[in-house]
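The numbers here are math on the coordinates, done by the rules we state, and not lab data. Note that the structure is a prediction, hence the values are computed from the model and not measured. FYI the Cβ positions are ideal-geometry reconstructions off the backbone, even for glycines, and counts take in every protein chain you see.
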Amino acid sequence: MSPFAIKERYCRIFDGATYFKPRGVPLSELQINELALDELEAIHLCDYEDLSQAEAAEKMKISSSTLQRLLYSGRKKIVDALYSSKAIKISKPNQVAEYVEPGNRCRRRGGRGRKNCFNKRGSKE
């Protein structure tokens, strides 16, 4: 067990595909690189939304050095999967709390029932 407590990381709700793989190759025949949701969120904020590392770290409520480690490991896994024809599995570690982006509406499953929203602690509202 690590002597340090792992801080909670805040990521947007991810309800997309959890596996990406090369076309025409069965998943059972591929090696799988597991990309954590916090790594994906760090890459999304810095590379897609063009936030600075300091802004992205603040948004995820983590330190800049933690964000840099997430960027490094996430990018490395993605590049390895692309060059080595591996599958990518997106997983949600226990220390990740999902949140709804401000201005986004909560989604309802099937148009009925409870909203599919999470509060800042990661539990359903």
Quick query: amide H of Lys86 versus all other amide H atoms, modeled in the peptide plane; which residues come in under 5 Å with a sequence gap of 5 or more or a different chain?
none
With label points built 7 Å along Cα→Cβ from the Cα atoms of Lys7 and Ser73, find their separation and express it in nm.
1.5 nm
Going through Lys7/Lys59; Lys21/Lys89; Lys7/Lys86; Lys59/Lys89; Lys7/Lys77; Lys7/Lys92 one by one, the pairs whose alpha carbons sit over 18 Å apart turn out to be Lys7/Lys86; Lys59/Lys89; Lys7/Lys77
Show me, for region 39-56, the HN-Hα J-couplings you get by feeding each phi into the Karplus relation (A = 6.51, B = -1.76, C = 1.60, θ = phi - 60°), rounded to Hz, glycine and proline as x.
5, 4, 5, 4, 5, 4, 5, 7, 8, 8, 8, 6, 7, 5, 5, 5, 5, 5
Sequence-distant or interchain residues sharing an amide H contact under 5 Å with Ala97, placed H: which?
Arg9, Tyr10, Cys11
Which peptide among 24-35, 76-87, 53-64 comes first, and what is the full order, when sorted by highest mean count of other Cβ atoms within 10 Å?
53-64, 76-87, 24-35
Phi-derived 3J(HN,Hα) across region 62-70 with the Karplus relation (6.51, -1.76, 1.60, θ = phi - 60°), rounded Hz, x for Gly and Pro, is 10, 6, 5, 5, 5, 4, 4, 5, 5
Report, by chain and number, residues whose modeled amide H sits under 5 Å from the one on Leu35, excluding near sequence neighbours (fewer than 5 apart, same chain).
Lys89, Ile90, Ser91
